[in-house]
1. Where the centroid of each part is defined by its Cα atoms, how far is region A:73-90 from region A:53-70 in Å?
2. Picking from B:219, B:127, B:237, whose Cα lies most toward the positive end of the charge dipole for region B:11-249 (charges on Cβ: Lys, Arg +1; Asp, Glu -1)?
3. Could you give me the ³J(HN,Hα) list for region B:284-297, computed from phi with Karplus coefficients 6.51, -1.76, 1.60 and θ = phi - 60°, whole Hz, x at Gly and Pro?
4. So, in Å, what gap is there between the alpha-carbon centers of region B:288-318 and region B:159-189?
5. Name the long-range amide H neighbours of residue B:299: under 5 Å, sequence gap of 5 or more, or other chain; modelled H, no Pro or chain starts.
6. Percent relative contact order of region A:68-298, based on C-alpha pairs within less than 8 angstrom and at least six residues apart?
7. Which ³J(HN,Hα) values in Hz, rounded to whole numbers, follow from the phi angles of region B:53-63 under the Karplus curve 6.51 cos²θ - 1.76 cosθ + 1.60, where θ = phi - 60° and Gly and Pro get x?
8. Which listed residue (A:203, A:293, A:257) has the Cα farthest towards the positive end of the charge dipole for region A:68-298, taking +1 on Lys and Arg C-beta and -1 on Asp and Glu C-beta about the Cα centre?
Amino acid sequence: MTAPTTKPQKTVAVAADHGGREAARARARSLTSLISRNGAVAVLILVVVLGALIVPSFGKPDNLRNVALAASFIGIIAAGMTFVIICGGIDLSVGSTYALATIISAMYAPRGSFIAVLYALLAAGLVGLIQGLIIARWRLPAFIVTLAGLTGVRGLVYFITNEGNDHPKIDGRLAFEALGTGSLATIGTPVWIMLVVFGIGWWALNRTPFGQSVQAVGGNQGAAELMGLPVKRTQTIVYVVSGLCAGLSGVLTTALSGGGQEARIGDAYELSAIAAVVIGGTLLSGGVGSMVGTLAGVLLLFVIQNLIVQGANLNSYVQQVVSGGFLLVVVILQAVLSRRAGTSET
Amino acid sequence: MSTPVTSSPILSVTSASKRFAGVRALEDVSIELHAGSVHALVGENGAGKSTLIKLITGVYQLDSGTVQLRGENVAFDSPRSAQRAGIATIYQEVHLAPQLSVARNFFLGREPTRLGSLDLKRMNREAGDALKRYGIAADVKRPLGELGLGIQQMVAIARAVETDASVVIMDEPTSSLEPREVDLLLELVAQLKAKDVAIVYVSHKLDEVFRACDTITVLRDGKLVSTGPTSELTRRQLISRMLGRDAAELEKDGRTKLAGHKTNIEGEPLLRAEHLNRRLILEDVSVVVRPGEVVGLAGLLGSGRSETAKAIFGALPLDSGEIEVGGKALTHQTPASRIRERVAMLPEDRKAEGIIPDMSIRDNIGLAALPQLTKAGLVSRKKVDDIVKTFMDRLRIKASGPNQKVSELSGGNQQKVLLARLLCLNPRVLLLDEPTRGIDVGAKAEVQALVAELAEKGMAVVLISSELEEVVEGSDTVVVLRDGAQLGRLVGDDISEDKIMDLIADAASERIEAAK
């Protein structure tokens, strides 16, 4: 077999086309990053628009307000979780920490709003700090450490509440109740707080040295160490952030409901929060992720649930099955979108 | 070229020793670094260069000995504290955050802020200016991972240098750079030297060492062989000190072991990959290899060499093209279908794609051999041990034993473990992407000899190397690539470095005569 020896004309053509190729590559790149970064947002818009068209009751302002309110509690937890996951970790303890904060804020409510909120956040932050220190200093797997946190803190909650029998009520006249029940421009306060949390989260992740460290550590911990980044400090802080977010969410829950909850509240919230983060396009392997994506991911979870409740007359178990299936479809759709964008790049 | 060493050293290491799991990595080594002087650290893989550097920069702690910075004893507990003390390090593999922008990487760990926010404008401007000063043209807002390896390396170097370090350590800084970029880098080294920085320059490339360094320290097997001014050392002396072989013996052995196997290349092609096309990546590339033949792929970084190998291996989707192995057309573009036809590939980046560093040598090799050794789902431990032992002997893998972790081996030995893994599969077609990158002179010759030996046994070999000499001396046929397109094909005596460079340089205008 004789291979072509030279092809002068072809090479000329290639050389001449070089500029065009570069431009095409740049175009492909910007489209790629747009879709892969905002896949969840695109799917959310699609689902909301289609949902409103197909299920009229879904699109009513009152309903949308309720969906947003319901989503804000997991949303705030997921905001903290985003930092942990981008930093290469995972936090399974958030559901228990959340429960701890609801109880503590209700217990201390008689001593004033400030004390109640402060103690609840301190306790939640402390849970995060302890786990973060153990994970960062002793290089133990986050999965196990926070699983221990999940179990231990939940036990603590049962202990404090006398095995779940105590339900302290808070005084309705307290200022802190407004955190849960108030509203601004007809939208509930928790929703606004969630938006503020995501705003701060976006800023911290993309516009502060800490955020750069989080991304670098999650991308390649060894490299971050060699570059002299404060790896351990960063790893510790993200768990504190996650704990504080779970705590804030717990405080808002108490404020909304006006009292202590059942001891099993927040069970499996960690899974919803992790799901929201992942649907939002953050890689479980760390390094890459976005706050906007997580926000869209959380809203998607709740929109889907609501659509099924509104759109189909099913018993609650069947609802769960359909809801799970729908979620799967959405995730596949999003993955296909980002993957297609991803391959066109290489 | 040498600067008079009269001042007291900025940094001195005295009688440093370090052992890993009982294996000596460094024993009683002392060096002194002076301001405004470039100090070369050379030696084969496993000589202890990396260990020495990591002891200085706080990655490892000394077992015994001292490190003094400006006359005071120091013991850094982390790279961070070493960096704070003014010791900047650029590692062999680019160690930056690929998902962040160039400017963000440039300032990582020391970002300028305004009211707590990153001052992005200033970061972009200053990073752009700094890179321009070093002759690097890159869009600083783009994610670093989208740029070429060479540019990434230069960004890493610029980053380290900008930290106002008094000691800059460069571990194989040019291993992924092209000649033009190497010139830039050496200019940068000269600039640093003029700023009275003490530089440690680790390299396998002796040209660079002689060009840029004032002092040369040779390590071998964890021990200091010699330290002295560059001017008092000849190239031949240096090589013999590194290898521990007699200079005369070295002369006799020749430069590379690839040359002169030219034996019975005949018969039908074993590998026929023709008209490979992939939008923006490959354009009508054809590679045909007969049994016993070594076909080299030549071209600059980014010319499509690795992509061609990946396409043949089924790891790169194709828009069109035909691939046949042993006369059988392969339609599924997957690595699994190639492995079934006994095509094996040695990937370019052994860390990312090949080795499982935390597993032992035995397990790394055994993993690949498992399918043949399994009977009814069971594996005979003894058979695995036999195979592992055979390959460790045959490839002369230097280790404390088959149970040593691969991550503890030197680069050359890691490469041999990878090769052993491929050979376990008894391949007919062997795709080797940079088989000697980052490994020392001695191991290089061994790997090269091995490649020639494998071809002689009737394998079809595709060889990629960024060292033109290696391609020229080792190949029976060379396919020259540029920007993903095939420029030409040289056969037999027509293969020379000049001709390949001519092809690449004047691809459009010059008519090249190829044999046949």
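What follows draws every value from the coordinates through simple rules; no lab data is involved. Here the structure is a predicted model, which means the values were calculated and not measured. All Cβ positions, even for glycine, are placed from backbone atoms using ideal geometry, and neighbour counts span all protein chains on display.
1. Going from one Cα centre to the other spans 26 Å.
2. B:127
3. Karplus values, whole Hz, x for Gly and Pro: 6, 9, 10, 10, 10, 10, 8, x, x, 9, 10, 9, x, 10.
4. Their Cα centres are 30 Å away from one another.
5. Under 5 Å from the amide H of residue B:299: B:481.
6. 42
7. Values per residue, Gly and Pro as x: 4, 5, 6, 5, 9, x, 6, 10, 10, 5, 6 Hz.
8. Final value for the positive-end residue is A:203.
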